[in-house]
1. State which residue pairs qualify: first residue under 16 Å from Ala114 (Cβ atoms) and of a type outside the set (A, V, I, L, M, F, W, C) and inside the stretch 135-151, second residue open to solvent by 10 Å² or more (accessible area, probe 1.4 Å) and part of a strand (DSSP E or B) in any location, beta carbons under 6 Å apart, and separation of 6 or more residues or different chains.
2. Every residue in the stretch 274-319 that is within 20 Å of Asp172 (Cβ to Cβ) and among the β-branched types (Val, Ile, Thr), please.
3. What number of residues within the stretch 1-40 are under 16 Å from Ala304 (Cα atoms), surrounded by fewer than 19 Cβ atoms within 10 Å (Cβ to Cβ), of a type outside the set (A, V, I, L, M) and modelled with pLDDT of 90 or more?
4. Any residue at all in the stretch 55-69 that's within 20 Å of Val3 (Cβ to Cβ), open to solvent by 30 Å² or more (accessible area, probe 1.4 Å) and aliphatic (A, V, I, L, M)?
5. Can you pull out the residues in the stretch 185-202 that are surrounded by 15 or more Cβ atoms within 10 Å (Cβ to Cβ) and either in contact with a Leu (Cβ under 7 Å, 6 or more places away or on another chain) or not in a helix (DSSP H, G or I) (or both)?
6. Looking only at the stretch 97-143, count every residue that is surrounded by 18 or more Cβ atoms within 10 Å (Cβ to Cβ) and more than 22 Å from the chain's Cα centre (by Cα) and tell me the total.
7. How many residues does the stretch 129-153 contain that are under 26 Å from Ser27 (Cβ atoms) and out of contact with any strand residue (DSSP E or B) (no Cβ under 8 Å at 6 or more places or on another chain)?
8. How do the pairs read when you match residues in the stretch 34-53 that are more than 14 Å from Leu85 (Cβ to Cβ) with residues anywhere that are modelled with pLDDT of 75 or more and of a type in the set (Asp, Glu), using Cβ under 8 Å and keeping only pairs 6 or more apart or on different chains?
Amino acid sequence: MDVTILGIESSCDDTSAAVIRNGVMLSNVIAGQKVHEAYGGVVPELASRAHQQNIVPVVHEALKQAGINKEDLSAVAFTRGPGLLGSLLVGTSFAKGLAIALQAPLIEVNHLQAHVLAHFIKKTESDDQHPRFPFLCLLVSGGNSQIILVHRWDKMEVLGQTIDDAAGEAFDKCAKVMGLPYPGGPVVDRLAKEGNPKAFRLSKPNIPDYNYSFSGLKTSFLYLLRDELQKDPDFIERHRADLCASLQATIIDILMQKLRKASDDFNIKEIAVAGGVSANSGLRKAFEEHADTYGWKIHIPSFAFTTDNAAMVAMSGYFKFLNHDFASPDCVPFSRTAI
């Protein structure tokens, strides 16, 4: 019997719906929100309003592209958290209403776990390129930086995480002080290709175990700009590419150093990366270099699965459906949680 899952993702500023049948993706529709660019970051109230406008047409389009009717759905999966509470409420409420109307099971999904399980989405029935358990996953985004030991799809252990700011936030905040547009991470990545990664020396934290910290790096970068701008008002304009390259190289070095330690300590060579920052070309190159140097078998997601998307939610829902792990209609979203 076919298992067809509709996934709904609304944790931040992307409204997304996707359909997965027996682990194979049939559709993955995403509606972004341009309104936040003028504010240099996501405005929660504007995000929730945009979700209300987008969710019905996005779900309709996902079903249409998948070539199914809503009555064909086996269950409705939705992101329960973590994320922006107002945004999550839109997706949660819609998922509940649809599940009740269809008399179909409701499945809650942890957003962070979904990023990890995106590696198991099949593009065809014969697709078998997913990681083998146990594996390590570096989850890096605007809000999270974690090293996760994945024992099974339903058993994940956080070995280390940021104690302050996330890597994606460091990219965006440093880009902002250079006058770059939001979101800054992709712009830094583009400019870094034209610069010298060794042009400027930035602070690297000495944090124990597998944890991360990026607040010191942001402060170091800010002080560098402050001091140099006092000597040369055009410093940023003349050195923007080198600044981006140095910043990116430092963040990647911090991330990979702890990941190498975890790989050595747990003797695991199956290594994956997930989250929005996994789209960064420098990080992808670092993974490829580590595969050659340390014998890692790496798993880098398609660009479509790096940012927030409903296909990863539907994939998580598929696993939960097989395990009969269903949610109560009275469950509520949450803004913060561990994986």
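The values are calculated or read from the model by the stated rules, or taken from the named source; none is laboratory data. These figures come from a predicted structure and were not determined experimentally. FYI the Cβ positions are ideal-geometry reconstructions off the backbone, even for glycines, and counts take in every protein chain you see. Heads up: the accessible areas ignore ligands, DNA and RNA and are worked out on the full protein's heavy atoms, side chains in. Shrake-Rupley method; radii C 1.70, N 1.55, O 1.52, S 1.80 Å.
1. Listed pairs, sorted by first residue: Gln146/Val158; Gln146/Gln161.
2. The answer is Val277, Thr306, Thr307.
3. Qualifying residue count, the stretch 1-40: 0.
4. No - not one qualifying residue is present in the stretch 55-69.
5. Step one: list which residues in the stretch 185-202 are surrounded by 15 or more Cβ atoms within 10 Å (Cβ to Cβ), which gives 185-189, 191-192, 195, 197, 200, 202.
Of everything in the stretch 185-202, those that are surrounded by 15 or more Cβ atoms within 10 Å (Cβ to Cβ) and either in contact with a Leu (Cβ under 7 Å, 6 or more places away or on another chain) or not in a helix (DSSP H, G or I) (or both) turn out to be Val187, Val188, Gly195, Pro197, Phe200, Leu202.
6. 5
7. Final tally of qualifying residues: 3.
8. If the second residue must be modelled with pLDDT of 75 or more and of a type in the set (Asp, Glu), the pairs left are His36/Asp13; Gly41/Asp172; Ala50/Asp13.
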